[in-house]
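Only one structure is covered here, and it is reproduced in the block below.
The values are calculated or read from the model by the stated rules, or taken from the named source; none is laboratory data. Here the structure is a predicted model, which means the values were calculated and not measured. When we count neighbours, we look across all protein chains shown, and the Cβ atoms used for this are built from the backbone with ideal geometry, even at glycine.
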Ligand code: AMP
């Protein structure tokens with residue numbers, strides 16, 4: 001799976017990328033991280049990028065395109081990758097298209113995290129305060145002044161990518177103002193709807209990873225069918241809410257189809273969980289009655 005995460009600084013791209021890495025076993029390719037490593041190591045690229053990054057500007061396209069091209073060729077990227085912070089300009093996006101074509105690779109999706117800009121400054125201030133509390137080094141470009149400049153460069157240079165990928169029917173927009181796990185779930189649902197991830201393959205690996213946990217959960221839901229049904233209905237409601245958010249720039253037909261598919265899937269899942277829970281609960285009480293009868 002190959003995806004791009006698009007969003008302004010502070011939209012949660014890095015956090016979501018890390019969660020997706022854990023979930024799908026693919027690698028995160030963050031140009032910001034790579035450039036920071038180059039600056040720290042004092043490489044020629046790092047020397048070139050240092051001042052530009054500190055001031056909140058963009059490093060020249062050819063530098064980042066070169067870094068990404070080399071990184072995609074590494075063996076660990078063969079399974080798939082998430083591009084975080086790249087592309088950031090239309091020429092970078094065009095260069096990426098060309099690069100993927102040459103390498104015979106296909107892009108599955110571009111996920112845009114839509115956030116309320118006025119909340120971004122608060123988010124970054126909170127992140128900086130937390131990092132300071134933990135005694136971690138704070139990025140030199142994580143100041144309100146530099147953030148304002150990074151936001152301006154996002155608006156003028158990166159936002160046109162929304163149109164670029166929307167035209168190519170690659171764009172999916174997710175409400176990035178939701179809680180972290182809700183955003184992750186919305187991304188997963190979108191990837192499922194696009195066929196970028198296999199539902200069976202995923203549930204198989206999840207079952208493998210935590211069979212005891214699953215068994216425990218099943219037992220619990222059998223015990224409390226009403227509660228499980230309520231929970232399922234709640235998650236259906238949440239799914240409905242998530243798809244209600246605006247999908248700017250994408251084609252109306254795609255939007256409606258995605259909405260309908262997600263709604264339908266959520267409803268179906270809620271029904272199935274409730275049915276299962278009720279069935280299991282009934283089975284258990286029948287067993288109890290049989291036992292009692294046998295005893296008496
Ligand atoms: P990030 O960690 O993605 O916020 O990136 C930090 C800084 O690295 C940016 O403000 C830019 O100066 C530089 N940078 C990262 N990715 C790119 C890119 N694709 N194109 C140009 N500059 C970049």
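Points to keep in mind about this one:
- Look at the range 133-147: where a residue is closer than 16 Å to residue 50 by Cβ and touching a residue at least 24 places away in the same chain (Cβ under 8 Å) and a partner is in a loop (DSSP other than H, G, I, E, B) and near the ligand (Cβ under 10 Å from one of its atoms), sitting 6+ places away or on another chain with Cβ atoms under 7 Å, you get 141/56; 146/56.
- Selection status of residue 118, more than 20 Å from the chain's Cα centre (by Cα), at pLDDT below 95, closer than 20 Å to residue 156 by Cβ and more than 15 Å from the ligand (Cβ to nearest atom): yes
One line per residue, one yes/no per condition, for (1) within 12 Å of the ligand (Cβ to nearest atom); (2) under 15 Å from residue 4 (Cα atoms); (3) modelled with pLDDT of 95 or more:
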residue: 32; (1), (2), (3): yes, yes, no
residue: 82; (1), (2), (3): no, yes, yes
residue: 93; (1), (2), (3): yes, yes, yes
residue: 97; (1), (2), (3): no, yes, yes
residue: 111; (1), (2), (3): no, yes, yes
residue: 123; (1), (2), (3): no, no, no
residue: 134; (1), (2), (3): no, no, no
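- The conditions of being in contact (Cβ under 8 Å) with a residue 24 or more places away in the chain, under 23 Å from the mean Cα position of the chain (by Cα), within 23 Å of residue 149 (Cα to Cα) and near the ligand (Cβ under 9 Å from one of its atoms) are not met by residue 58.
- Some residue of the range 150-158 being more than 16 Å from the ligand (Cβ to nearest atom), at pLDDT 95 or above and either farther than 23 Å from residue 178 by Cα or crowded, with 18+ Cβ neighbours inside 10 Å (or both): no
Results for (1) assigned to a strand (DSSP E or B); (2) over 23 Å from residue 58 (Cα atoms); (3) touching a helix residue (DSSP H, G or I) at 6+ places or on another chain (Cβ under 7 Å), shown as yes or no for each residue.
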| position | (1), (2), (3) |
| --- | --- |
| 126 | no, yes, no |
| 132 | no, yes, no |
| 145 | no, no, no |
| 161 | no, no, yes |
| 174 | yes, yes, yes |
| 183 | no, yes, yes |
| 189 | no, yes, yes |
| 192 | no, yes, yes |
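- Applying the criterion of being within 16 Å of residue 84 (Cα to Cα) and surrounded by 16 or more Cβ atoms within 10 Å (Cβ to Cβ) to the residues of the range 34-52, the residue that is nearest to the ligand (Cβ to nearest atom) is 35.
- Residue within the range 7-26 that is free of Cβ contacts under 8 Å to residues at least 24 places away in the same chain and within 9 Å of the ligand (Cβ to nearest atom) present: no
- Candidate set from the range 136-149 (those that are closer than 18 Å to residue 115 by Cβ and surrounded by fewer than 14 Cβ atoms within 10 Å (Cβ to Cβ)); member that is farthest from the ligand (Cβ to nearest atom): 144
- Scope the range 159-191; condition within 16 Å of the ligand (Cβ to nearest atom) and in contact with a strand residue (DSSP E or B) (Cβ under 7 Å, 6 or more places away or on another chain); matching residues: 161, 162, 165, 176
- Condition broken by residue 31, with the remaining ones in (1) under 23 Å from the mean Cα position of the chain (by Cα); (2) surrounded by fewer than 19 Cβ atoms within 10 Å (Cβ to Cβ); (3) closer than 21 Å to residue 10 by Cα satisfied: (2)
- Scanning the range 66-83 for residues that are over 24 Å from residue 140 (Cβ atoms) and buried (at least 18 other Cβ atoms within 10 Å of the Cβ) returns 72, 80, 81, 82.
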